[in-house]
Amino acid sequence: MSLPLGTSEEPLPIRFADEPAHHLAGVPLEFADEEQSLKITGFWMVLVTDLLIFASLFASYAVYRPMVAAGPSGAQLFGLGSAIAETLFLLTSSFTVGIAVWYMRRGNQRAMIGWIVLTLLLGAGFLGLELHEFAVDIARGASWQTSAFLSSFFLLVSTHGAHVLFGILWAVGIVVQVLRRGLNAVTARKVYTFSLYWHFLDIIWVFIFTVVYLGAKIA
Amino acid sequence: MTAPAFVPYLLHTLFPPNTHRPTEIGADVMMGLGMGYLVYWLTRHRKWGWLWRDWLTTVDHKKIGTMYLIAAILMLFRGGVDALMMRVNLAMPHAPFIGPEEYNEVFTTHGVIMIFFMAMPFIFALFNAVIPLMIGARDVAFPRLNAVSFWLFAFAAALFNLAFVVGGAPNVGWTAYPPLTELHFNPGVGTNYLLVSLLISGIGTTITGINFLVTVLRMRAPGMTLMRMPMFAWAALNTSVLILFAFPPLTVALLMTLLDRLAHTAFFTLSHGGMPMMYVNLFWLFGHPEVYIVALPAYGVFSEVVPTFSGKRLFGYTSMVVSMAAIMVLSYGVWAHHFFTMGAGAAVNAFFGISTMLIAIPTGVKIFNWIFTMWGGRIRFTTAMLYVMGFIPTFTIGGATGMFLATVPADYQVHNSYFLVAHFHNVLIGGTVFGLLAGMYYWWPKMFGYRLDERQGKLAFWLFLIGFWITFGPQYLLGFKGMPRRMWTYPAGHGWHLLNVISTAGAFVMGAGFLVLVYNVLWSMRHGERDASGDPWNGRTLEWSLPSPAPEYNFARIPTVSSLDAWWAMKQTGQGRGRGAAALRLRPQDIHAIELPRNTGYPFFLGAAFFVLGFGLVFSWWVIALLGLAGVWAALAYAWFDHDQHKHMRADEIRRIEASMGRLPA
């Protein structure tokens, strides 16, 4: 069975109201409905352009890294401890959201919501650590006004952080919808796209951890 | 601040001296009168409910296309007036009609409006009007997001156009290079207007790109494989990919500038290690693909118009597809040719010079294919076809001067001179504008159910074409004579006078062409020939199988496609010999109920909330910005929790509509 991710050559059948959607055996709920399947394809495209946003920010960071002016350099400023803790929080949350989708595929709504809540708690923990790190940096006189290097650091990392915050608010809305309406093609698609989004943020974070934090140690 | 002191501060911030000039006041009065008349008309004819129900809340791609078209033509007017103001200033040496500050504002708004608020919506107008019809779909993939895109664009355009009334227009050029855009050098709010409105419209554009990409990839009629798609659908596909990849760098560049201005970051502040070149690179990483975002749709239009009016299938369809994709890919590897003179070194310049020249190869393939399509055909010289005929030599010359600019040593001589100005107008008017106008004349009957008068249309075409060459031909020579771009006036004695007079005269000829075009539309609304057949041009693609204008659900029955030029094939083979409706042979039992997207007001409110957010950001009035942000969240939350997004259309209702259009035996 191949997942219809929009790359198929054959267009999907047109849906009429008096023809029920194709509940193909083995196809997950969110893909069985054509409209939801389209939205998943669309969401992959959202991730493409979001990836390009981060690519531009990474490129800028790489160019600005030596431009420390009178401020501290990355090697002077960044500690690996908090970055590793943040990484653990976020990587674990990617695992838990995977389990949530696993339960969703088995129709276990309670377990799914439980694992999403755990995911969001881990995400909130990540955000707390990041904001704490920012506060410490700013208290040491290293704000985004200090140097072009720090401007690009804060823009890159806080864009990711803002995505995490948005993801948390979004997922809370989705959980409320699941509680009110149960799991159907629409809510299942929302949970699924949220999980895609969350994994995506995790991958971006892996690059931030490597380029920003490990990179500063190597330099 | 006490209350009495607050009022003058507010007045001065909202209406600084550069909003008091006679030209600005004149524009204010005209806009006020126009708005007043609109409100009067809507009230007098009790049309407010109609406006809200049928237009502001619509999710029908055809109506959204119409709204894009109206907006694009209004913006063409505004951008054109800017252009004429510049040309009047330059007609005579030392005879300024407007001062240097205003001149800077006018060339900035001219550029921004023509690219972002005229060309882009015009393209989306055509995509919306025909792409779903061409590929046999009932709507785009995400009808509600389509409305969101439009309202983000519309409110961003409104915000940008508000600048010269409230707060002062931007004056940094459409490229908005730092450090000129830094707060220190440019304290007013004009630059904020430019940055914020482009960020907002950029969100809408990105959503449109995603929407049409998924529409073309996933919504095609059964049997329409990728290689059976009309070329215009290929253009939409390639353009959408370009949008997806090109707008993020622009977003980042604009955001950095905005943060520098509002949050005092140091991205482009030289004293803190900032690097203006970072902006220039990011901007053109967007900017050059953007050139193809506006050019590929025009190529798509030509590839539809030429076969129809030559009575032949498109020559070299496969090579057309491949060359378009090649242009799409190559366009990412040429951005540094916009700043050869910045000193990147010989190796970098050589790379970008050669990659730029490479683009001429696939473009040349396309030009030859259009000509070979005409070769031996029975050509009908309609207005749309005339625009193609005007395009081919004009664009080829524009491409040749582009090769000149791609040759690095030559570029050093003419960089940022009028040669450059002439070149990019040559390709943007000769390519994009001619293409969009060709598309407008070609698909107008499909959009509105009547034709535009051909005689008036041809007059407008000749005024545009001749006016274009009178305007921009001399500007090449002015470039050779060393006249730099963006200068507001010039002294006598450089030998620039005569050429500038000619150029200004040409601009007015183009202005006359615009007036004829508007007259053509208004006249044809009353007297234009009705299109009863749905297929006025003896067309080849599926949109011509539908009545004009198409019903809300587009296709009562989704056609099955077995070849390229599907409608032409249907007309030739067993599915019917006649033109128009007869060829489809709909039977009542083929018609089933249809699920359609339900209208919704949230896209309009989302756009309005973004407008408030943007206005707050422009003036750094954070309370207003937060109110706007709350509005954005409210609109999004409403959309998330709204699960009732469809309406059903019963089969008998559809049969009645089809019968009333003469498509079913009653």
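The table below gives the values:
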{"quantity": "Residue in segment A:53-87 that is nearest to B:Ile203 (Cα to Cα), counting only those that are polar (S, T, N, Q) and more than 14 Å from chain B (Cβ to nearest Cβ)", "calculated": "A:Thr87"}
{"quantity": "Hey, B:Leu262 surrounded by 23 or more Cβ atoms within 10 Å (Cβ to Cβ) and within 14 Å of chain A (Cβ to nearest Cβ) or not", "calculated": "no"}
{"quantity": "Any hit, segment A:182-193, residues being away from every other protein chain (no Cβ under 12 Å), in a helix (DSSP H, G or I), among the aromatic types (Phe, Trp, Tyr) and under 29 Å from A:Gly107 (Cα atoms)", "calculated": "yes"}
{"quantity": "Residues located in segment B:495-531, provided they are under 30 Å from B:Thr573 (Cβ atoms) and loosely packed, with under 15 Cβ neighbours inside 10 Å", "calculated": "B:Glu529, B:Arg530"}
{"quantity": "Restricting segment B:550-562 to residues that are in contact with a Ser or Thr (Cβ under 9 Å, 6 or more places away or on another chain) and under 22 Å from B:Ile657 (Cβ atoms), the residue that is surrounded by the fewest Cβ atoms within 10 Å (Cβ to Cβ)", "calculated": "B:Pro559"}
{"quantity": "Only listed residue being at pLDDT 95 or above, touching a Leu at 6+ places or on another chain (Cβ under 7 Å) and within 12 Å of chain B (Cβ to nearest Cβ), chosen from A:Leu150, A:Leu155", "calculated": "A:Leu155"}
{"quantity": "Single residue of segment A:158-181 satisfying the filter (of a type in the set (Val, Ile, Thr) and under 30 Å from B:Thr265 (Cα atoms)) that is nearest to the other protein chains (Cβ to nearest Cβ)", "calculated": "A:Thr159"}
{"quantity": "Scan of segment A:40-52 for residues that are under 19 Å from B:Arg144 (Cα atoms) and within 7 Å of chain B (Cβ to nearest Cβ), ordered by number", "calculated": "A:Thr41, A:Gly42, A:Met45, A:Val46"}
{"quantity": "Which listed residue, of B:Val612, B:Val632, B:Val618, is part of a helix (DSSP H, G or I), under 27 Å from the mean Cα position of the chain (by Cα), within 28 Å of B:Thr181 (Cβ to Cβ) and within 14 Å of chain A (Cβ to nearest Cβ)", "calculated": "B:Val632"}
{"quantity": "For B:Phe340: the one exception among (1) part of a helix (DSSP H, G or I); (2) of a type in the set (Phe, Trp, Tyr); (3) within 14 Å of chain A (Cβ to nearest Cβ)", "calculated": "(3)"}
{"quantity": "Subset of segment B:247-259 [of a type in the set (Ser, Thr, Tyr) and within 7 Å of another protein chain (Cβ to nearest Cβ)]", "calculated": "B:Thr251"}
{"quantity": "Checklist (1) in a helix (DSSP H, G or I); (2) surrounded by fewer than 24 Cβ atoms within 10 Å (Cβ to Cβ); (3) in contact (Cβ under 8 Å) with a residue 60 or more places away in the chain; (4) not aromatic (Phe, Trp, Tyr) applied to B:Leu217, failing item", "calculated": "(3)"}
{"quantity": "Test: B:Leu126 is assigned to a helix (DSSP H, G or I) and under 16 Å from the mean Cα position of the chain (by Cα)", "calculated": "yes"}
{"quantity": "Inter-residue pairs, beta-carbon under 8 Å, first on the phi > 0 side of the Ramachandran plot and in segment B:87-100, second in a loop (DSSP other than H, G, I, E, B) and modelled with pLDDT of 90 or more, 6+ apart", "calculated": "B:His94/B:Thr489; B:His94/B:Tyr490; B:His94/B:Pro491; B:His94/B:Ala492"}
{"quantity": "Residue within segment B:512-534 that is farther than 30 Å from B:Lys63 by Cβ and assigned to a helix (DSSP H, G or I) present", "calculated": "yes"}
{"quantity": "Sole exception among (1) over 22 Å from the mean Cα position of the chain (by Cα); (2) part of a helix (DSSP H, G or I) for B:Met440, by number", "calculated": "(1)"}
{"quantity": "Within segment A:23-39, considering residues that are small (Gly, Ala, Ser) and buried (at least 17 other Cβ atoms within 10 Å of the Cβ), the one farthest from the other protein chains (Cβ to nearest Cβ)", "calculated": "A:Ala32"}
{"quantity": "Count of residues meeting criterion [in contact (Cβ under 8 Å) with a residue 60 or more places away in the chain and either under 14 Å from A:Leu169 (Cα atoms) or of a type outside the set (S, T, N, Q) (or both)] in segment B:624-646", "calculated": "1"}
{"quantity": "Given (1) more than 14 Å from chain A (Cβ to nearest Cβ); (2) more than 30 Å from B:Asn192 (Cα to Cα); (3) more than 28 Å from the chain's Cα centre (by Cα), number of the condition B:Glu595 does not satisfy", "calculated": "(1)"}
{"quantity": "Enumeration of residues in segment A:184-195 that are touching a residue at least 24 places away in the same chain (Cβ under 8 Å) and crowded, with 17+ Cβ neighbours inside 10 Å", "calculated": "A:Ala185, A:Val186, A:Ala188, A:Arg189, A:Val191, A:Tyr192, A:Thr193, A:Phe194, A:Ser195"}
{"quantity": "Residue count for segment B:265-287, restricted to those that are more than 7 Å from chain A (Cβ to nearest Cβ) and touching a His at 6+ places or on another chain (Cβ under 7 Å)", "calculated": "2"}
{"quantity": "Which numbered condition B:Ala659 misses (of (1) in a helix (DSSP H, G or I); (2) more than 33 Å from the chain's Cα centre (by Cα); (3) within 12 Å of chain A (Cβ to nearest Cβ))", "calculated": "(3)"}
{"quantity": "Test: residue in segment B:394-414 that is under 30 Å from B:Lys63 (Cβ atoms), in contact with a Ser or Thr (Cβ under 9 Å, 6 or more places away or on another chain) and buried (at least 21 other Cβ atoms within 10 Å of the Cβ)", "calculated": "no"}
{"quantity": "One residue from B:Leu244, B:Leu198, B:Leu237 being within 10 Å of another protein chain (Cβ to nearest Cβ) and not small (Gly, Ala, Ser)", "calculated": "B:Leu244"}
{"quantity": "Per-region count, segment B:545-558, residues more than 25 Å from the chain's Cα centre (by Cα) and part of a loop (DSSP other than H, G, I, E, B)", "calculated": "8"}
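Table: residues versus (1) among the hydrophobic types (A, V, I, L, M, F, W, C); (2) modelled with pLDDT under 95; (3) over 30 Å from B:Ala532 (Cβ atoms); (4) surrounded by 23 or more Cβ atoms within 10 Å (Cβ to Cβ).
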| residue | (1), (2), (3), (4) |
| --- | --- |
| B:Tyr418 | no, no, yes, yes |
| B:Ala422 | yes, no, yes, yes |
| B:Phe448 | yes, no, no, no |
| B:Asp453 | no, no, no, no |
| B:Leu459 | yes, no, no, no |
| B:Leu463 | yes, no, yes, no |
| B:Gly467 | no, no, yes, no |
| B:Gln475 | no, no, yes, yes |
| B:Gly493 | no, yes, yes, no |
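Residue-by-condition table, conditions (1) in contact with a Leu (Cβ under 6 Å, 6 or more places away or on another chain); (2) in a helix (DSSP H, G or I):
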position	(1), (2)
B:Leu478	yes, yes
B:Gly539	no, no
B:Glu543	yes, yes
B:Thr560	no, no
B:Met570	no, yes
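The values are calculated or read from the model by the stated rules, or taken from the named source; none is laboratory data. Everything numeric here is computed off the predicted structure, so don't read it as measured data. Note that each Cβ is placed from the backbone with ideal geometry, even for glycine, and that neighbours are counted across all protein chains shown.
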